[in-house]
Amino acid sequence: MFITFEGTEGSGKSSRIADAAAFLKKQGKDCILTREPGSTRIGAKIRAILLDPASRELDPMAELLLYMADRAHHIATVIRPALAEGKTVLCDRYSDATLAYQGYARGLDLAMLKNLHRLLMDDLKPDLTLLLDLPPETGLKRAWKQINSGQRTDAESRFEAEKIAFHEKVRAGYLEIARQEPERFRIIDASLSPEEVIEKINHTLSAFLFPLHKQEFSPS
Ligand code: TMP
């Protein structure tokens with residue numbers, strides 16, 4: 001089972017996906033937690049280029065190809081092997097991020113992005129995608145608070161430095177993709193308290209992964 005988490009900056013996605021992995025392990029699922037970009041040794045180098053504020057002049061097409069290079073390597077060396085072993089793969093961002101950021105926000109052609117995914121990634125799609133949604137002003141405030149307090153490194157702040165209009169486009173893009181694929185997407189209101197978000201995520205995962213079980217579980 002391949003499950004992805006998506007969201008705008010400061011949506012709390014990375015903490016919530018770690019909570020979700022802990023919850024699923026507790027439920028007996030053999031799962032791995034991974035992310036894009038940067039889950040592999042080579043991917044970490046690509047991530048450093050992509051998120052470095054000093055890469056501000058990076059051409060949008062070059063940016064796209066770096067995300068895709070990271071993804072091709074990640075699929076080949078992490079995602080496919082884990083799926084082949086029957087593991088549940090939880091991935092922090094994947095191809096919907098490319099559509100939202102490089103497509104809807106940067107303006108690259110959506111059909112071209114989808115074709116490249118089909119051609120280069122064998123169209124590997126998640127079974128389920130949780131979209132942690134919240135207004136960009138709230139998310140960016142949270143993200144900058146973490147960066148300024150040293151909780152997160154400012155060496156990875158290239159996207160946080162984008163204007164609010166860019167982040168509005170990312171959010172609208174994600175919501176549009178979710179509208180087009182309602183069977184795959186679940187939208188989670190990330191403006192709720194962490195406890196409420198965790199509960200909603202656990203409930204969503206349980207309903208998807210254990211549909212025949214009673215929808216009762218011990219909170220993580
Ligand atoms: P993170 O903040 O979730 O670690 O994600 C890294 C940044 O990379 C985030 O700002 C979103 C961006 N991104 C893209 O622009 N395109 C992509 O395909 C992916 C995976 C991430």
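The values are calculated or read from the model by the stated rules, or taken from the named source; none is laboratory data. Given the structure is predicted, the values throughout are model-derived calculations rather than measurements. As a convention, Cβ positions derive from the backbone with ideal geometry for all residues, glycine included, and neighbour counts pool all protein chains shown. Each accessible area value is taken on the protein alone, full model and side chains, heavy atoms only, with ligands, DNA and RNA left out. Shrake-Rupley method; radii C 1.70, N 1.55, O 1.52, S 1.80 Å.
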* Name the residue, out of Ala143, Ala20, Ala165, whose mean-square fluctuation peaks in a Gaussian network model built on the chain with Cα pairs under 10 Å. => Ala165
* Asked: To the nearest 0.05, what FRET efficiency results for Ala69 and Ser191 with a Förster distance of 25 Å applied to their C-beta separation?
  -> 0.15
* Structure shown: which of Lys13/Lys114; Lys29/Lys145; Lys25/Lys141 lie over 26 Å apart, alpha-carbon to alpha-carbon? -> Lys29/Lys145; Lys25/Lys141
* Eligible aspartates and glutamates near Lys26 by straight Cα distance, threshold 15 Å, same-chain separation 8 or greater -> Glu199, Glu216
* To do: Compute the acute angle (0 to 90°) between the alpha-carbon long axis of helix 136-148 and the principal axis of greatest extent of the alpha-carbon atoms of the chain; round to the nearest 10°.
  => 80
* Structure fact -> Excluding ligands, DNA and RNA, the carbon-plus-sulfur percentage of the accessible area of the chain with a 1.4 Å probe reads 54
* Residue-level accessible surface for Thr153, protein heavy atoms, 1.4 Å, Å² -> 70
* Quick one: length gained pulling Lys45 to Thr138 fully straight, 0.36 nm per residue minus the C-alpha distance? -> 30.5 nm
* **Label point distance in nm, Leu119-Asp19, each placed 7 Å from Cα along Cα→Cβ** => 4.1
* With all protein chains present, calculate the accessible area of Lys25 using a 1.4 Å probe and round the result to the nearest 10 Å². => 120
* **Within the chain: Cβ-based charge dipole about Cα centre, in debye rounded to nearest 20 (Lys, Arg +1; Asp, Glu -1)** => 340
* Contour minus end-to-end for Asp52 and Phe210, with contour as 0.36 nm per residue of separation and end-to-end as the Cα-Cα distance? -> 52.8 nm
* Using θ = phi - 60° and Karplus 6.51 cos²θ - 1.76 cosθ + 1.60, couplings along region 151-166 (whole Hz; Gly, Pro as x) -> 5, 10, 6, 7, 6, 10, 9, 4, 7, 4, 6, 5, 5, 4, 4, 4
* Structure fact -> Taking a ≥ b ≥ c as the square roots of the Cα gyration tensor eigenvalues, with a/c under 1.5 meaning rounded and otherwise prolate when a/b beats b/c or oblate if not, region 136-217 comes out oblate
* Asked: Hey, what do the phi angles of region 195-203 turn into as Karplus ³J(HN,Hα) couplings, whole Hz, using 6.51/-1.76/1.60 and θ = phi - 60°, x for Gly and Pro?
  -> 4, 5, 5, 4, 4, 5, 5, 4, 5
* If each of Asn148 and Leu110 carries a label point 7 Å out from its Cα toward its Cβ, how far apart are those two points in nm? -> 3.6
* **Average accessible surface area per residue within region 2-216, 1.4 Å rolling probe, Å²** => 48
* State, to one decimal in nm, how far the label point of Ile164 lies from the label point of Ala62, with both points 7 Å from Cα in the Cβ direction. => 3.1
* Asked: Given only helices, namely DSSP H runs of n ≥ 4 each adding -39500 (n - 2.57), what is the per-residue ellipticity at 222 nm of the chain, to the nearest 500 deg cm²/dmol?
  -> -14500 deg cm²/dmol
